[in-house]
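Student: I have a structure I would like to understand better, so I am pasting it below and will then ask my questions one at a time.
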């Protein structure tokens, strides 16, 4: 199984969570910022993290997720999270 952990982070909180997820995955894996990838082709499992802006996802994250939803994936799984906290221990 090939796994991608991708994220966008403004304060650094989402990056901390992405790195924690990356450390726990035992399969073949990659970690990249969201702006470094165009699609999820070739991955069996994808984690997508982003901060909350107001009451929703940033436009870049929405655009990326909408593009991915339109592509047929077979058995691929997509998981998401957001880091909506005032502070995380670093």
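The values are calculated or read from the model by the stated rules, or taken from the named source; none is laboratory data. If you're wondering where the values come from, they're calculated on a predicted model, not measured in any experiment. Every residue, glycine as well, gets a Cβ built from its backbone with ideal geometry; the counts of neighbours run over all protein chains shown.
Student: Output the residue which, of all residues in the stretch 2-27 that are in contact with a helix residue (DSSP H, G or I) (Cβ under 7 Å, 6 or more places away or on another chain) and assigned to a loop (DSSP other than H, G, I, E, B), is farthest from residue 59 (Cα to Cα).
Tutor: Residues of the stretch 2-27 that are in contact with a helix residue (DSSP H, G or I) (Cβ under 7 Å, 6 or more places away or on another chain), as a first pass: 5-9.
Next cut, assigned to a loop (DSSP other than H, G, I, E, B) only: 8-9.
Values: 8: 11, 9: 13 Å.
Ranking the qualifying residues of the stretch 2-27, first place goes to 9.
Student: Has the stretch 20-35 got at least one residue that is within 10 Å of the chain's Cα centre (by Cα) and either surrounded by fewer than 16 Cβ atoms within 10 Å (Cβ to Cβ) or at pLDDT below 85 (or both)?
Tutor: Within the stretch 20-35 (the criterion being within 10 Å of the chain's Cα centre (by Cα) and either surrounded by fewer than 16 Cβ atoms within 10 Å (Cβ to Cβ) or at pLDDT below 85 (or both)), the answer is yes, since at least one residue qualifies.
Student: Write out, first by first residue and then by second, each pair whose Cβ atoms fall under 8 Å of each other, whose residues are 6+ apart or on separate chains, and whose first residue, in the stretch 33-55, is farther than 17 Å from residue 16 by Cα while the second is exposed (fewer than 10 other Cβ atoms within 10 Å of the Cβ) and modelled with pLDDT of 85 or more.
Tutor: Taking only residues 6 or more apart or on different chains, the pairs are 45/27.
Student: Go through the stretch 50-59 residue by residue and tally those that are within 11 Å of the chain's Cα centre (by Cα) and assigned to a strand (DSSP E or B).
Tutor: Taking the stretch 50-59 first, the residues within 11 Å of the chain's Cα centre (by Cα) are 50-51.
Of the ones still in play, those that are also assigned to a strand (DSSP E or B) are 50.
Looking only at that region, the number is 1.
Student: Which of the residues that make up the stretch 28-49 are assigned to a strand (DSSP E or B) and under 13 Å from residue 6 (Cβ atoms)? Explain how you work it out, then say what you get.
Tutor: Step one: of the stretch 28-49, the residues assigned to a strand (DSSP E or B) are 28-33, 45-49.
Matches in the stretch 28-49: 29, 30, 31, 32, 33, 45, 46, 47, 48, 49.
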